[in-house]
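Input: a single structure, listed below in structure tokens.
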Amino acid sequence: MSKKKTVIPYTITHEERLTLLEAHNNLRTALSTVGECQDLWMSDVRNLEKLECDLHRIFKFVPKQDDAGHFTRYADWILEEADTNE
């Protein structure tokens, strides 16, 4: 049985786009440093963690929960609106 694709429009504010642009540029800088030096600055690690948080917030990503309602620490995150009972 195939799942039907559902198109859900998603609006991103100008402020959120600017946040993602900054994160994109920080990611490019970190990747460039890794590529050139095969090393990583701690500020790059901080920027990567900030990017992760920005993606959670803007795109509404949430951690999976088990049947008891506890977050599953190492599982992939899911969309906020995802039905976890499938």
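How many residues does region 32-41 contain that are loosely packed, with under 10 Cβ neighbours inside 10 Å and either touching a residue at least 60 places away in the same chain (Cβ under 8 Å) or aromatic (F, W, Y) (or both)?
Residues flagged as loosely packed, with under 10 Cβ neighbours inside 10 Å and either touching a residue at least 60 places away in the same chain (Cβ under 8 Å) or aromatic (F, W, Y) (or both) within region 32-41 amount to 0.
Looking only at residues that are assigned to a helix (DSSP H, G or I) and touching an Asp or Glu at 6+ places or on another chain (Cβ under 9 Å) in region 1-21, which one is surrounded by the most Cβ atoms within 10 Å (Cβ to Cβ)?
Here the answer is T19.
If I ask for residues that are touching a residue at least 24 places away in the same chain (Cβ under 8 Å) and polar (S, T, N, Q), which ones from region 9-31 would you list?
Correct list: T19, N26.
Could you run through region 42-86 and say how many residues are surrounded by 14 or more Cβ atoms within 10 Å (Cβ to Cβ) and among the polar types (S, T, N, Q)?
1
Are any residues in region 59-86 modelled with pLDDT of 90 or more and touching a Leu at 6+ places or on another chain (Cβ under 7 Å), and if so, which ones?
Result: F61, single match.
Which condition number does H24 fail, the rest of (1) open to solvent by less than 90 Å² (accessible area, probe 1.4 Å); (2) within 14 Å of the chain's Cα centre (by Cα); (3) at pLDDT 90 or above being met?
(1)
The values are calculated or read from the model by the stated rules, or taken from the named source; none is laboratory data. Fair warning: this is a prediction, and the values are worked out from it, not measured in the lab. Cβ sites come from the backbone with ideal geometry, for glycine too, and all protein chains shown count toward neighbours. For the accessible areas, the whole protein counts, side chains as well, though only heavy atoms, and no ligand, DNA or RNA atoms are used. Shrake-Rupley method; radii C 1.70, N 1.55, O 1.52, S 1.80 Å.
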